[in-house]
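This report concerns only the one structure given below.
The values are calculated or read from the model by the stated rules, or taken from the named source; none is laboratory data. Everything numeric here is computed off the predicted structure, so don't read it as measured data. Heads up, the Cβs are rebuilt from the backbone with ideal geometry, glycines too, and the neighbour counts pull from every protein chain shown. Side chains included, ligands, DNA and RNA excluded: accessible areas come from the protein's heavy atoms. Shrake-Rupley method; radii C 1.70, N 1.55, O 1.52, S 1.80 Å.
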Amino acid sequence: MNLILLGPPGAGKGTQAARLVEHHGMRQLSTGDMLRAAVAAQTPVGLKAKAVMDAGELVSDEIVSALIDDELAAMGPETGAIFDGYPRTGAQAEQLDAILARHRRKLDRVIELEVDEDELVRRIVGRFSCATCGAGYHDEFHQPKVSGVCDRCGGTEFKRRKDDNEETVRTRMAEYRVKTAPILPLYEARGLVARIDGMAPIDEVTAAIEDLLNA
Ligand code: AP5
Ligand code: MG
């Protein structure tokens, strides 16, 4: 199974991808996570991407598609892929077609998480994650069960993303509207798109995705 999770910043792509990994042993391919790792490691890609990401703009198509290609090359053919935050432009969608063909994979589904923009700002500004294992949390919606202790690994250090401030979020949303949303009709024409209400509570969104995958 190969699926794309599409939706604006804060729609819940990363949250739902992590659950699919846990329940189905699929692999999450988040270009945002890969780029943040590259920035932290100060690789040549990271050095190029840093300022663009901090501004909330899109990194070049060639860079992100190369990251995806490399990840798929390192994966066994039986492991399903969840594309989280990729593709984000028409060019990336075309590049993904070529990459999937090269790795003898086919795209099964494109899931669009539909959400309300103002709510997204609230979600993003409240988001934090475990500095040790990356588990995601939220000030209002998803606190660790024991305050200050990660549910998954017991870590006690947490971090927030540098691009998670209101001004940058507005730019990221505009980038989504102008550059990413227009790729949906392409997948609609292939009959691949399913829309899910991303405003529902996290568990309900997960259940809706499971229903879709089991249908
Ligand atoms: P990226 O890391 O992909 O960020 P994004 O698309 O802006 O999306 P987010 O990760 O912010 O949101 P999400 O949908 O994963 O939401 P989450 O599950 O965390 O990209 C960052 C940057 O990298 C880009 O701006 C760009 O510069 C660059 N980049 C990345 N990919 C690129 C590409 N392909 N091309 C070019 N550039 C690229 O949820 C958010 C919060 O809400 C969490 O706290 C969560 O707990 C909470 N939450 C989730 N679901 C719910 C719910 N149903 N109800 C209540 N709370 C919820
Ligand atoms: Mg994410």
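A few points about this structure:
- Condition met for Val121 (away from ligand 1 (no atom under 11 Å from the Cβ) and open to solvent by less than 40 Å² (accessible area, probe 1.4 Å)): no
- Residue among Glu119, Glu94 that is modelled with pLDDT under 95 and part of a helix (DSSP H, G or I): Glu119
- Of everything listed in (1) in a helix (DSSP H, G or I); (2) open to solvent by 30 Å² or more (accessible area, probe 1.4 Å); (3) farther than 15 Å from Ile4 by Cα, the single unmet condition for Ala38 is (2).
- Counting only residues that are more than 9 Å from ligand 1 (Cβ to nearest atom), among the hydrophobic types (A, V, I, L, M, F, W, C), under 26 Å from Cys130 (Cβ atoms) and touching a residue at least 24 places away in the same chain (Cβ under 8 Å), region 61-75 holds 1 of them.
- Answer from Glu167, Glu210, Glu112 - the residue that is open to solvent by less than 40 Å² (accessible area, probe 1.4 Å) and in a helix (DSSP H, G or I): Glu210
- Given (1) open to solvent by 20 Å² or more (accessible area, probe 1.4 Å); (2) touching a residue at least 12 places away in the same chain (Cβ under 8 Å); (3) under 25 Å from Ala207 (Cβ atoms), number of the condition Pro9 does not satisfy: (1)
Residues are listed down the side, and each one gets a yes or a no for (1) under 10 Å from the mean Cα position of the chain (by Cα); (2) more than 23 Å from Leu184 (Cβ to Cβ); (3) without any contact (Cβ under 8 Å) to a residue 60 or more places away in the chain:
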| position | (1), (2), (3) |
| --- | --- |
| Ala18 | yes, yes, no |
| Met26 | no, no, yes |
| Gly46 | no, yes, yes |
| Val59 | no, no, yes |
| Pro77 | no, yes, yes |
| Gly80 | no, no, no |
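- Thr15 passes every criterion in (1) at pLDDT 95 or above; (2) within 7 Å of ligand 1 (Cβ to nearest atom) apart from (1).
- Qualifying residue in region 65-80 (condition: more than 16 Å from ligand 2 (Cβ to nearest atom), surrounded by 18 or more Cβ atoms within 10 Å (Cβ to Cβ) and assigned to a helix (DSSP H, G or I)): yes
- Qualifying residue in region 102-109 (condition: farther than 17 Å from Met199 by Cβ, in contact with an Asp or Glu (Cβ under 7 Å, 6 or more places away or on another chain), assigned to a helix (DSSP H, G or I) and open to solvent by 20 Å² or more (accessible area, probe 1.4 Å)): no
- Considering region 191-207, and only residues there that are without any contact (Cβ under 8 Å) to a residue 24 or more places away in the chain and either of a type in the set (Gly, Ala, Ser) or over 19 Å from Leu20 (Cβ atoms) (or both), the residue that is surrounded by the most Cβ atoms within 10 Å (Cβ to Cβ) turns out to be Ala200.
- Residue in region 85-101 that is among the small types (Gly, Ala, Ser), crowded, with 18+ Cβ neighbours inside 10 Å, more than 18 Å from Val21 (Cα to Cα) and touching a residue at least 24 places away in the same chain (Cβ under 8 Å) present: yes
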